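> I have a structure I would like to understand better, so I am pasting it below and will then ask my questions one at a time.
Every read-out reported here was derived from the displayed coordinates using simple, explicitly stated rules and does not represent laboratory data. Bear in mind the structure is a predicted one, so any value in this text is a computation, not a measurement. Cβ sites come from the backbone with ideal geometry, for glycine too, and all protein chains shown count toward neighbours.
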Amino acid sequence: MARRCELTGKGPMSGNNVSHAKNRTRRRFLPNLNDVSLMSEALGRTFKLKISAAALRSVDHRGGFDAFLAKAKDEELSASALKIKKDIAKAQAAA
């Protein structure tokens, strides 16, 4: 999944470049994606994900990676993030 946040689903948007003479040409606005390693406390290991800077702030705001995934909607998550979410739910149910 290229150019798409694995946690929020944020992807490229389209718009216009507007010159001084008001000539309009199409352009793309790409999300600010970063490769990060996030630690899951329930599983005790880290996961490498490609997420947006806004998603990284949201993870911190919600109290960590596990809490963010617990509240996240399944349709926004990538396949790998959805698998991590289910593994965390199993680990928390067993504990």
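> Given the criteria without any contact (Cβ under 8 Å) to a residue 40 or more places away in the chain, among the aliphatic types (A, V, I, L, M), assigned to a helix (DSSP H, G or I) and exposed (fewer than 12 other Cβ atoms within 10 Å of the Cβ), does residue 67 qualify?
Taking the combined requirement at face value, the residue does not satisfy it.
> Another one. If I go through the range 76-95 residue by residue, how many of them are over 12 Å from the mean Cα position of the chain (by Cα) and among the acidic types (Asp, Glu)?
Here the count works out to 1.
> Please go through the range 45-64 and pick out each residue that is more than 10 Å from residue 5 (Cβ to Cβ), part of a strand (DSSP E or B) and either in contact (Cβ under 8 Å) with a residue 12 or more places away in the chain or among the hydrophobic types (A, V, I, L, M, F, W, C) (or both).
47, 48
> Please go through the range 28-44 and give me each residue that is surrounded by 12 or more Cβ atoms within 10 Å (Cβ to Cβ), in a strand (DSSP E or B) and out of contact with any Phe, Trp or Tyr (no Cβ under 7 Å at 6 or more places or on another chain), ordered by number.
Of everything in the range 28-44, those that are surrounded by 12 or more Cβ atoms within 10 Å (Cβ to Cβ), in a strand (DSSP E or B) and out of contact with any Phe, Trp or Tyr (no Cβ under 7 Å at 6 or more places or on another chain) turn out to be 33, 34, 36.
> Just for the range 45-60: of the residues that are over 16 Å from residue 84 (Cα atoms) and among the hydroxyl-bearing types (Ser, Thr, Tyr), which one is surrounded by the fewest Cβ atoms within 10 Å (Cβ to Cβ)?
Of everything passing the filter in the range 45-60, 58 is surrounded by the fewest Cβ atoms within 10 Å (Cβ to Cβ).
> Please specify each residue of the range 1-27 satisfying the condition of being exposed (fewer than 10 other Cβ atoms within 10 Å of the Cβ) and of a type in the set (A, V, I, L, M).
2, 21
> Going by the structure shown, is residue 36 without any contact (Cβ under 8 Å) to a residue 40 or more places away in the chain, out of contact with any helix residue (DSSP H, G or I) (no Cβ under 8 Å at 6 or more places or on another chain) and not acidic (Asp, Glu)? If you could, list the steps in order and put the result at the bottom.
Working: without any contact (Cβ under 8 Å) to a residue 40 or more places away in the chain: yes; out of contact with any helix residue (DSSP H, G or I) (no Cβ under 8 Å at 6 or more places or on another chain): no; not acidic (Asp, Glu): yes.
Answer is no for this residue.
> What single numbered condition from (1) farther than 27 Å from residue 2 by Cβ; (2) charged (D, E, K, R); (3) part of a helix (DSSP H, G or I) fails to hold for residue 22?
Condition (3) is where residue 22 drops out.
> If residue 76 satisfies every condition in (1) within 25 Å of residue 3 (Cβ to Cβ); (2) part of a helix (DSSP H, G or I) but one, which is the exception?
Among (1) within 25 Å of residue 3 (Cβ to Cβ); (2) part of a helix (DSSP H, G or I), residue 76 violates only (2).
> Now for a different question. Suppose we filter the range 1-52 for residues that are closer than 21 Å to residue 91 by Cβ and among the aromatic types (Phe, Trp, Tyr); how many remain?
Number satisfying all stated conditions: 1.
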